[in-house]
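Enquirer: Handing you a structure now.
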Amino acid sequence: MSRPRILVINPNSNRLVTQGLEEALKPLDFEGGPELVCETLAEGPYGIESQADVDGVTMPLRRLVESDNSSAAFIIACYSDPGLHVCREGTNRPVFGIAECGVLTALARAETFGVIAIAQRSIRRHLRYLRQMGLMDRLTAERPLNMSVAETASGEGTLAKMIEVGRALKDEDGAGAIVMGCAGMARHRRPLEDALGIPVIDPTQAAVAMALGVVQFSRH
């Protein structure tokens, strides 16, 4: 029997981000479990950093999901969860957004959480989403790195900046857990958690962990 496939879609066109996702997900790609496949959305911008970027990838994501008859589940690997609901309309298989999954995982690990955003202009978009989810009372703060998606994926000094912002969220804002607010930050989760001493959630790992459970239980 062939392994079921979980498709992890990077909605931006930066292959370095996709490679970072592949590396971060290796511990979840276990023998006998679902196959994890990471794919880059060729039509996407180099980084999703504005509402226009979010809106621009919605229908390309829908078309990709709708045309895929092989995957057992889909992950939209962008912290704005672009196209999440429209993709869910296009398939009867589960579609997971990493922001939703990352925040829900943080709530299971701590009473309060903080978010590290890539840039100040991302925060308003993220807060709007959290209000829709009804979770503002559990958020302590969201602070920006003021970097691009590409810089978080490959730039020098990214981890040091994340530690600085994470310590402010922990010590000044009282966050009990940290959610990394960009898929491009994936490779920094473990060293950031080691430096801060509180749970650090990579939202793509969180989403794939949920998808694994759903897919595995559907087989048994």
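The values are calculated or read from the model by the stated rules, or taken from the named source; none is laboratory data. Keep in mind that this is a model prediction, so the values were computed, not measured. Cβ: placed from backbone, ideal geometry, glycine included. Neighbour counts: every protein chain shown. Each accessible area value is taken on the protein alone, full model and side chains, heavy atoms only, with ligands, DNA and RNA left out. Shrake-Rupley method; radii C 1.70, N 1.55, O 1.52, S 1.80 Å.
Enquirer: State the number of residues belonging to segment 95-142 that are within 15 Å of the chain's Cα centre (by Cα) and not in a helix (DSSP H, G or I).
Expert: So the answer is 8.
Enquirer: A further question on this structure: Could you pull out the residue among Glu193, Glu156 that is in a loop (DSSP other than H, G, I, E, B) and either out of contact with any helix residue (DSSP H, G or I) (no Cβ under 8 Å at 6 or more places or on another chain) or surrounded by 21 or more Cβ atoms within 10 Å (Cβ to Cβ) (or both)?
Expert: Every option except Glu156 fails the conditions.
Enquirer: Right, another one. Need the failing condition index for Arg143 against (1) open to solvent by less than 20 Å² (accessible area, probe 1.4 Å); (2) farther than 20 Å from Asp53 by Cα, just the number.
Expert: Unmet for Arg143, out of (1) open to solvent by less than 20 Å² (accessible area, probe 1.4 Å); (2) farther than 20 Å from Asp53 by Cα: (1).
Enquirer: Next question, about the same structure. Here's a check for you: in segment 24-46, which residue that is part of a loop (DSSP other than H, G, I, E, B) and touching a residue at least 60 places away in the same chain (Cβ under 8 Å) is nearest to Leu192 (Cα to Cα)?
Expert: My answer is Tyr46.
Rundown of residues vs (1) in contact with a strand residue (DSSP E or B) (Cβ under 6 Å, 6 or more places away or on another chain); (2) outside the structural domain of Leu25 (by the TED database); (3) farther than 20 Å from Met210 by Cβ; (4) at pLDDT below 95, yes/no style:
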position: Cys87; (1), (2), (3), (4): yes, no, no, no
position: Leu107; (1), (2), (3), (4): no, yes, no, no
position: Val115; (1), (2), (3), (4): yes, yes, no, no
position: Ala119; (1), (2), (3), (4): yes, yes, yes, yes
position: Arg125; (1), (2), (3), (4): no, yes, yes, yes
position: Arg131; (1), (2), (3), (4): no, yes, yes, no
position: Asp137; (1), (2), (3), (4): no, yes, yes, no
position: Thr140; (1), (2), (3), (4): yes, yes, yes, no
position: Ala153; (1), (2), (3), (4): no, yes, yes, yes
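Enquirer: While we're on this one: Looking only at segment 55-94, how many residues end up being more than 18 Å from Ala186 (Cα to Cα), open to solvent by less than 10 Å² (accessible area, probe 1.4 Å) and either among the aliphatic types (A, V, I, L, M) or in a helix (DSSP H, G or I) (or both)?
Expert: Final tally of qualifying residues: 6.
Enquirer: Something else now. For segment 81-94: of the residues being in contact (Cβ under 8 Å) with a residue 40 or more places away in the chain and in contact with a Ser or Thr (Cβ under 8 Å, 6 or more places away or on another chain), which is farthest from Tyr129 (Cα to Cα)?
Expert: In this case the residue turns out to be Gly83.
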